[in-house]
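Have a look at the structure below, then the notes.
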Amino acid sequence: MTKKLLFLFLFSSSLVIAQTNLQSPAQFLGYELGDRFSRHHQMVDYFKHVDNAAENVVVKQYGETYEHRPLIYAIIASPDNFKNLEQIRLDNLRRAGMADGTPSTKVAILWLSYNVHGNEANSMEAAMKTIYELVNPASAKTKEWLKNTVVIMDPCINPDGRDRYANFYNQYGNLPANADPQAREHAEPWPRGRANHYLFDLNRDWAWETQIESQARIKLYNQWMPHVHVDYHEQGYNSPYYFAPAAEPYHEVISNWQREFQTLIGKSNAKYFDEQGWLYFTKERFDLYYPSYGDTYPTYNGAIGMTYEKGGIGAGLSVITNEGDPLTLKDRLTHHFTTGMSTLEVTSTNANKLVDEFEKFFKENLNSPVAPYKTYVIKADNNPDKLARFTNWLMTHSIQFGHADASKATRGFDYQTQTTGNVTVNAEDIIINIAQPKGRFVTTLFEPTSKLTDSLTYDITAWNLIYAYDLKAAALSEKISIGKPYQPKAFVQEPIANKPYAYIFTYQTIADVEFLGALIKKGVKVRKAMLPFTSNGKKFEPGTLIVTRRNNESIEDFDLVVQTAAKNLGRKIYTTTSGLVEKGADFGSSDVSYIRAPRVALLGGDQTSSLDHGQVWHFFEQQIHYPVTILGTDYFRNVDLWKYDVLVVPDGNYRLFDEGTVSMIDRWVGDGGRLILIAGATSSFAEKKGFGLKEFASDDLKSKAEKEEKELREKEGPIKFGDAERKQLSNSIFGAIYKVTMDKSHPLAFGLNDTYYSLRTSELHYSYLSKGWNVGILKGNQKPLIGFAGTKINKKLENTLVFGVEDKGKGQVVYLVDNPLFRNFWENGKMIFSNAVFMVGR
């Protein structure tokens with residue numbers, strides 16, 4: 001026997017052995033799926049087993065969580081398609097205009113994503129059942145479907161949250177499971193398993209990519225660009241099952257085919273559910289609008305993006321629903337498994353049409369984009385740090401941008417003035433036109449106004465990134481082509497004086513905040529300029545960081561420490577050989593004040609919003625890399641608060657702040673502490689003794705509002721039961737952008753402009769502080785620039801406080817009525833929060 005024949009014999013034999021060695025999940029795990037909650041590593045081991053046992057599967061790691069669990073995905077295809085996976089992938093990118101060349105294959109790509117919310121825990125179990133069925137040699141149906149469809153599976157998007165829930169249940173669950181809804185096993189403790197390590201909702205982070213799980217997933221996603229994407233979820237266990245078609249509103253960039261295919265999928269799922277008598281609903285609750293979901297992000301990128309939701313949150317292994325029926329983990333995973341198989345069937349049946357419509361979607365993007373604004377211009381004179389963060393983010397999504405060939409005079413919408421007028425496009429400006437593969441996605445992110453077909457939505461209705469970054473920019477109705485690749489302005493470091501009197505650094509962005517924190521951690525004493533000044537012919541704004549040689553004599557290799565920190569973080573160094581300035585306050589003035597290194601505490605635990613707590617936690621540890629101590633609500637009353645300079649209280653529903661606790665905090669503030677209250681936390685201190693925050697501007701205003709409400713009720717008559725939900729909308733805000741007037745002279749506003757664009761996500765409103773600093777306010781008649789807010793709530797927002805500071809003894813209370821760290825994608829808001837921590841107070 002020749003070596004070649006021997007190799008073929010051994011190779012074919014190994015395939016047979018591998019196939020016969022394929023184990024079901026029950027055989028591999030030692031228990032039936034649904035009998036217990038598997039831990040993440042068990043699922044990973046099973047997927048690796050399938051990879052080893054089946055010749056048409058590959059399992060790879062695409063990232064790692066904050067808690068160092070692997071993020072994996074599997075690709076399953078027919079043997080013929082498996083040999084050509086790279087060709088299929090590249091051909092798909094070619095159809096999307098994201099790779100050069102002409103496609104030679106025509107295969108549909110279905111992507112199934114599981115367990116983005118950790119305590120929606122059945123879907124990882126369903127993923128194991130699904131992959132086994134896809135490779136099971138006895139399944140003739142899946143073999144047939146895989147002939148023209150490649151399946152990509154992400155079995156657990158959120159391993160950290162999933163294990164948090166599984167560990168809770170496996171520790172506290174009764175044996176056997178207790179189906180009583182009041183049992184301990186159905187009462188998951190704070191922070192619950194929904195979110196990732198930093199308590200971020202990963203299903204709202206697809207576009208923003210603030211978390212490493214999202215960053216890794218989006219990189220992989222854009223290497224494949226699937227035709228169909230399903231995001232598996234669970235809802236409250238008293239609800240049945242939701243699948244497509246989605247509810248209104250749909251964003252208007254969604255194609256007719258994307259709508260039609262959702263209906264095809266829904267009919268197929270309904271057929272299988274009807275056969276079993278399972279309950280379900282469609283076209284309710286879950287819309288396709290906010291662009292950072294696991295259904296909308298794929299949709300705006302050409303796929304049929306869908307959410308599937310099975311009732312089951314908090315159900316454990318078994319629970320009795322309100323209708324008196326038992327709901328088990330086996331039921332739940334079987335339902336998800338069924339919709340997965342149904343979706344694969346419909347995808348395969350319509351594979352040619354799916355591929356053709358996918359290609360059509362991108363050809364329309366390239367050749368005939370229908371959105372009214374064809375080009376977005378980001379001005380070159382924006383802050384370089386902001387431009388760097390913004391363009392880096394664009395690249396992660398494969399959004400094309402660059403420069404025009406030459407300057408051009410035109411007309412367009414100015415984001416800073418919210419008016420349409422003359423616009424000059426310079427050759428150095430950044431050009432983003434929508435005649436590109438990601439054109440529809442670009443439109444959803446940057447359009448000056450968004451059409452909202454139904455104001456009753458599932459999430460926020462505004463997110464414009466140009467306002468989030470506070471960029472000077474314009475939207476044009478004409479297309480301006482990209483003539484040159486983007487070239488950032490070169491960083492030019494001016495000569496550094498030998499042993500200068502002081503180092504000077506601008507303070508305008510989060511990169512500057514991170515640098516300030518780095519110096520403080522090195523023991524370097526830093527001062528801030530309270531007023532503008534001019535040194536060596538250059539004007540510096542309030543907030544500028546000044547590092548004098550005086551008071552830093554104890555720092556070994558002082559110059560090296562400062563210069564190395566600046567170099568590592570890309571900060572431009574200015575120096576002076578004198579403390580005497582040409583204009584403004586000299587460096588020994590009381591208007592150049594020392595920044596005391598803040599010892600920061602963050603309140604966490606039951607009563608705090610886990611998501612809002614996580615935003616602050618992540619900001620300190622992952623964005624500015626500054627130490628923070630988390631204090632638990634369960635023992636807060638016993639804490640020595642005087643060990644800390646700053647206490648951050650995130651949004652929450654607090655019972656903690658009784659009279660005694662508030663009095664303790666009041667004394668701590670008076671002794672020099674700084675209390676930062678975010679969003680709903682402000683209500684715990686409003687109208688409290690010693691605190692100046694008032695819920696209403698005046699009794700007259702309250703009486704006027706009540707009178708208008710009464711007159712309106714009399715005019716309209718009794719509210720009909722069916723209209724009650726929509727009637728409430730007039731008093732509601734669904735994440736809208738408002739124009740806030742800022743007092744730039746106050747340290748809370750350092751680094752900002754006269755106007756701040758605030759993403760308001762609640763109806764909270766307070767009167768101006770009578771004894772304090774009203775740093776950010778809503779003046780006069782109010783309505784959002786973008787997004788939905790009811791007419792009644794807009795009236796209540798007239799002349800109200802958004803950001804304020806109250807001086808109390810040696811300390812301060814900072815009121816942040818709008819959350820500036822919302823989901824950590826609102827870049828400009830991070831300066832307000834940073835100022836509250838580092839700049840407020842002397």
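The values are calculated or read from the model by the stated rules, or taken from the named source; none is laboratory data. Bear in mind the structure is a predicted one, so any value in this text is a computation, not a measurement. Backbone-built Cβ (ideal geometry, glycine too); neighbour counts: all protein chains shown. In case anyone asks, the SASA skips ligands and DNA or RNA and just uses the protein heavy atoms, side chains included. Shrake-Rupley method; radii C 1.70, N 1.55, O 1.52, S 1.80 Å.
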Open item on the list: Checking the condition of a type in the set (D, E, K, R) and out of contact with any helix residue (DSSP H, G or I) (no Cβ under 7 Å at 6 or more places or on another chain), which residue from Lys779, Lys810 passes?
Closed with: Lys779
- [ ] Would you point out which residue out of Pro181, Pro226 is open to solvent by 20 Å² or more (accessible area, probe 1.4 Å) and at negative phi?
- [x] Pro181
Open item on the list: Which count do you get for residues in region 349-369 that are closer than 17 Å to Ile265 by Cβ and among the charged types (D, E, K, R)?
Closed with: 2
Open item on the list: Which residue is most open to solvent (accessible area, probe 1.4 Å), if the candidates are limited to region 420-461 and must be within 12 Å of Pro249 (Cβ to Cβ) and touching a Leu at 6+ places or on another chain (Cβ under 9 Å)?
Closed with: Leu456
Open item on the list: What's the number of the only condition in (1) touching a residue at least 60 places away in the same chain (Cβ under 8 Å); (2) in a loop (DSSP other than H, G, I, E, B) that Asp612 fails to meet?
Closed with: (2)
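Scanning for something touching a residue at least 40 places away in the same chain (Cβ under 8 Å) and within 24 Å of the chain's Cα centre (by Cα), does region 778-785 turn up at least one residue? Break it down into steps so the answer makes sense when it comes.
As a first pass, look at region 778-785 and keep what is touching a residue at least 40 places away in the same chain (Cβ under 8 Å): 778, 782, 784-785.
Pick out the ones that are also within 24 Å of the chain's Cα centre (by Cα) and you get 784-785.
Yes, some residue in region 778-785 is touching a residue at least 40 places away in the same chain (Cβ under 8 Å) and within 24 Å of the chain's Cα centre (by Cα).
Within region 595-607, is even one residue part of a strand (DSSP E or B), open to solvent by 50 Å² or more (accessible area, probe 1.4 Å) and touching a Leu at 6+ places or on another chain (Cβ under 8 Å)?
Keep residues of region 595-607 that are part of a strand (DSSP E or B), which gives 595, 600-604.
Next, only the ones that are open to solvent by 50 Å² or more (accessible area, probe 1.4 Å) stay: none.
No, region 595-607 has no match at all.
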Open item on the list: I'd like to know if region 100-114 contains one or more residues that are crowded, with 21+ Cβ neighbours inside 10 Å and part of a loop (DSSP other than H, G, I, E, B).
Closed with: yes
Open item on the list: Can you tell me which condition Lys572 does not meet? The list is (1) under 25 Å from Phe833 (Cβ atoms); (2) outside any loop (DSSP other than H, G, I, E, B), and all the others hold.
Closed with: (2)
Open item on the list: Need pairs with beta-carbon distance below 9 Å; first residue on the phi > 0 side of the Ramachandran plot and within region 268-295, second open to solvent by 90 Å² or more (accessible area, probe 1.4 Å); sequence gap 6+ or separate chains.
Closed with: Arg285/Tyr458
Task: Only listed residue being under 27 Å from Arg94 (Cα atoms) and either open to solvent by 30 Å² or more (accessible area, probe 1.4 Å) or of a type outside the set (Phe, Trp, Tyr) (or both), chosen from Glu209, Glu188 - done: Glu209
Task: strands (runs of 3 or more DSSP E) lying entirely in region 315-412 (those with 2 or more residues that are open to solvent by less than 30 Å² (accessible area, probe 1.4 Å), of a type outside the set (Lys, Arg) and closer than 30 Å to Met124 by Cβ) - done: 318-320
TODO: Mind counting the residues in region 73-99 that are out of contact with any Lys or Arg (no Cβ under 6 Å at 6 or more places or on another chain), in contact (Cβ under 8 Å) with a residue 40 or more places away in the chain, small (Gly, Ala, Ser) and part of a loop (DSSP other than H, G, I, E, B)?
DONE: 3
TODO: Working only within region 156-178, note down all residues that are of a type outside the set (A, V, I, L, M), outside any helix (DSSP H, G or I) and open to solvent by less than 10 Å² (accessible area, probe 1.4 Å).
DONE: Cys156, Asn158
- [ ] Determine if region 178-186 includes at least one residue that is under 19 Å from Ser38 (Cα atoms) and touching a Phe, Trp or Tyr at 6+ places or on another chain (Cβ under 9 Å).
- [x] yes
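Which of the residues belonging to region 649-669 are of a type in the set (Gly, Ala, Ser) and in contact (Cβ under 8 Å) with a residue 24 or more places away in the chain?
At the first step, the residues of region 649-669 found to be of a type in the set (Gly, Ala, Ser) are 652, 660, 663.
Across region 649-669, the qualifying residues are Gly652, Ser663.
Among the strands (runs of 3 or more DSSP E) confined wholly to region 750-842, which include 2 or more residues that are at pLDDT 95 or above and of a type in the set (Asp, Glu)? Before you say what the answer is, go through the steps one by one.
Details: elements: 755-760, 773-778, 800-808, 811-816.
Filter on region 750-842 gives 800-808.
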Open item on the list: Yes or no: region 626-648 includes at least one residue that is touching a residue at least 24 places away in the same chain (Cβ under 8 Å), in contact with a Gly (Cβ under 9 Å, 6 or more places away or on another chain), surrounded by fewer than 14 Cβ atoms within 10 Å (Cβ to Cβ) and closer than 30 Å to Pro495 by Cβ.
Closed with: no
Open item on the list: I need a count of the residues in region 281-296 that are among the hydroxyl-bearing types (Ser, Thr, Tyr), touching a Gly at 6+ places or on another chain (Cβ under 7 Å) and crowded, with 24+ Cβ neighbours inside 10 Å.
Closed with: 1
- [ ] Report, ordered by the first and then the second residue, all pairs with beta carbons closer than 7 Å, sequence separation of six or more or different chains, a first member in region 485-514 that is of a type in the set (Gly, Ala, Ser) and open to solvent by less than 100 Å² (accessible area, probe 1.4 Å), and a second member that is at pLDDT 95 or above and assigned to a loop (DSSP other than H, G, I, E, B).
- [x] Ala497/Thr577; Ala502/Arg549; Ala502/Gly579; Ala502/Phe587; Ala511/Leu569; Ala511/Gly570
Task: region 247-278, subset open to solvent by less than 10 Å² (accessible area, probe 1.4 Å) and aliphatic (A, V, I, L, M), residue nearest to Asn350 (Cα to Cα) - done: Ile265
Task: Selected residue (only one of Ser535, Ser554, Ser578, Ser590 is surrounded by 14 or more Cβ atoms within 10 Å (Cβ to Cβ) and over 34 Å from the mean Cα position of the chain (by Cα)) - done: Ser535
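Could you list, in sequence order, all residues of region 26-50 that are part of a loop (DSSP other than H, G, I, E, B), closer than 17 Å to Asn158 by Cα and open to solvent by less than 20 Å² (accessible area, probe 1.4 Å)? Even if it seems obvious, please write down each step before you answer.
Looking only at region 26-50, we keep the residues that are part of a loop (DSSP other than H, G, I, E, B), and these are 30-39.
Keeping just the survivors that are closer than 17 Å to Asn158 by Cα gives 37-39.
If the condition is that a residue be part of a loop (DSSP other than H, G, I, E, B), closer than 17 Å to Asn158 by Cα and open to solvent by less than 20 Å² (accessible area, probe 1.4 Å), then Phe37, Ser38 are the ones that fit.
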Task: Gly63, sole failed condition from (1) open to solvent by 10 Å² or more (accessible area, probe 1.4 Å); (2) assigned to a loop (DSSP other than H, G, I, E, B) - done: (2)
Task: Complete set of residues in region 140-155 that are basic (Lys, Arg) and either surrounded by 16 or more Cβ atoms within 10 Å (Cβ to Cβ) or in contact with an Asp or Glu (Cβ under 6 Å, 6 or more places away or on another chain) (or both) - done: Lys143
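Kindly indicate which of Thr396, Thr443, Thr461 is at pLDDT below 95 and either among the β-branched types (Val, Ile, Thr) or more than 24 Å from Arg217 (Cβ to Cβ) (or both).
Thr461
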